[in-house]
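In what follows, a structure is listed as structure tokens, so that the remarks can point back to it.
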Amino acid sequence: MSGDNEQKIAKPYIIFTIILFLSLIFPVYGIANSVMPLVLGLPFGLFWIALVEVIAFLGLCVFYLIEHRQEDGTHE
């Protein structure tokens with residue numbers, strides 16, 4: 001992969017990672033840091049963490065697919 005394509009995917013990936021990280025530390029997580037309401041039988045704080053992990057997984061899948069398509073040259 002060329003350096004230009006790496007730069008195109010690197011900046012959004014870094015921003016995505018920072019947003020996920022910030023959603024799990026004090027200022028933002030403080031909003032979700034409660035037992036009630038229960039969501040799917042889980043305390044809201046635990047549900048928040050699980051939701052962020054699912055979002056991270058799906059986001060990484062999307063970044064992988066974008067990078068793989070750029071590598072193959074099937075999508076510019």
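The values are calculated or read from the model by the stated rules, or taken from the named source; none is laboratory data. This is a predicted model, so every value here is computed, not measured. Note: ideal-geometry Cβ built from the backbone for every residue, glycine included; neighbour counts use all protein chains shown.
What is the number of the single condition among (1) at pLDDT 75 or above; (2) assigned to a helix (DSSP H, G or I); (3) among the β-branched types (Val, Ile, Thr) that ILE9 does not meet?
Answer for ILE9: the failing condition is (1).
Just checking, which of LEU58, LEU40, LEU24 is modelled with pLDDT of 85 or more and at negative phi?
LEU58
Within region 17-52, can you find the residues that are assigned to a helix (DSSP H, G or I), exposed (fewer than 11 other Cβ atoms within 10 Å of the Cβ) and not β-branched (Val, Ile, Thr)?
If the condition is that a residue be assigned to a helix (DSSP H, G or I), exposed (fewer than 11 other Cβ atoms within 10 Å of the Cβ) and not β-branched (Val, Ile, Thr), then PHE26, PRO27, GLY30 are the ones that fit.
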